[in-house]
Every structure is written in structure tokens, then in C-alpha cells.
Amino acid sequence: MSDTSFVYLPKTKKIDKARDKAPKPLTAEVASHIIADLSQWHVHSPSVDDILKAIDIYRRYRLSFWDGLILRSAQALGCDVIWTEDFDPGQRYDGVTALNPFMEQTS
């Protein structure tokens, strides 16, 4: 896919109903600020090599493939820590440490 490719999602009544039922729709100004903030985030788009490394992580640590891909993406982005309830707190996975945001951290 090129940088100009896109996915077409047809408009459905279900989507319209969900939008209409939003408790407090965002103003254009608030939505603009949110989008501007999100544009500053670093997003990882996995390559074939990343997928293969994620499979290796999933096998070695006996995680789900998706957890392996999360860890691989964290590595690729240079993250030392991921905050999650789903992994063993304090466990290091190939240089990435999983910490639980709801547990007191020990030094």
C-alpha cells in the first residue's frame, strides 16, 4: 500500500445511531485539539520483520501473538517500559519492562 491508499468504510445506520447517541458530542475546536495532540504520537507500523520477531517473542515467553506484537512495537519505538495490567509486573521482555499502573512500584 502506498501512503495515499485508504480504506473505504460505507456509512451505516448503526454508525449514525452511535454518533447521535453520544452523550456529549465534541465541538470542532475540541476535536481539532485532540487530533493535533494525536499527530504528535509516535506510531509503529510493523514490517514483515517485526511480525516475525513478534512471533519469536510470543513463542519464547508463551504470550499471545498480539502481546508479542505489542512488545515488538515497544522495542522498535525504543520504549524501556510498557504500562499494562496484562503482563507479569516487573518482567523484562527483551529489554522492555512491564509495569502495572495499578500496583505500587518497588525500587
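Putting +1 on Lys and Arg Cβ atoms and -1 on Asp and Glu Cβ atoms, find which of 68, 83, 52 reaches farthest to the positive end of the dipole of region 48-99. Farthest towards the positive end: 52. A simple packing score, the average count of other Cβ atoms within 10 Å per residue, orders the peptides 34-47, 78-91 as 78-91, 34-47, with the highest score first.
Placing unit charges on the Cβ atoms only, positive for Lys and Arg and negative for Asp and Glu, gives region 48-99 a dipole magnitude near 180 debye about its Cα centre. Taking every C-alpha pair closer than 8 Å and separated by at least 6 residues, the mean separation divided by the residue count of region 48-99 gives a relative contact order of 27 percent.
What ranking, highest mean first, results for peptides 56-62, 70-76 when packing means the other Cβ atoms within 10 Å averaged over each residue?
Top of the packing list down: 70-76, 56-62.
In region 48-99, the C-alpha radius of gyration followed by the widest Cα-Cα span (Dmax) gives 9.8, 29 angstrom.
Each reported figure results from applying straightforward, stated rules to the coordinates on display, with no laboratory input. Since we're looking at a predicted model, the values are computed, not measured. Using ideal geometry, Cβ is built from the backbone for each residue, glycine included, and neighbour counts are taken over all protein chains shown.
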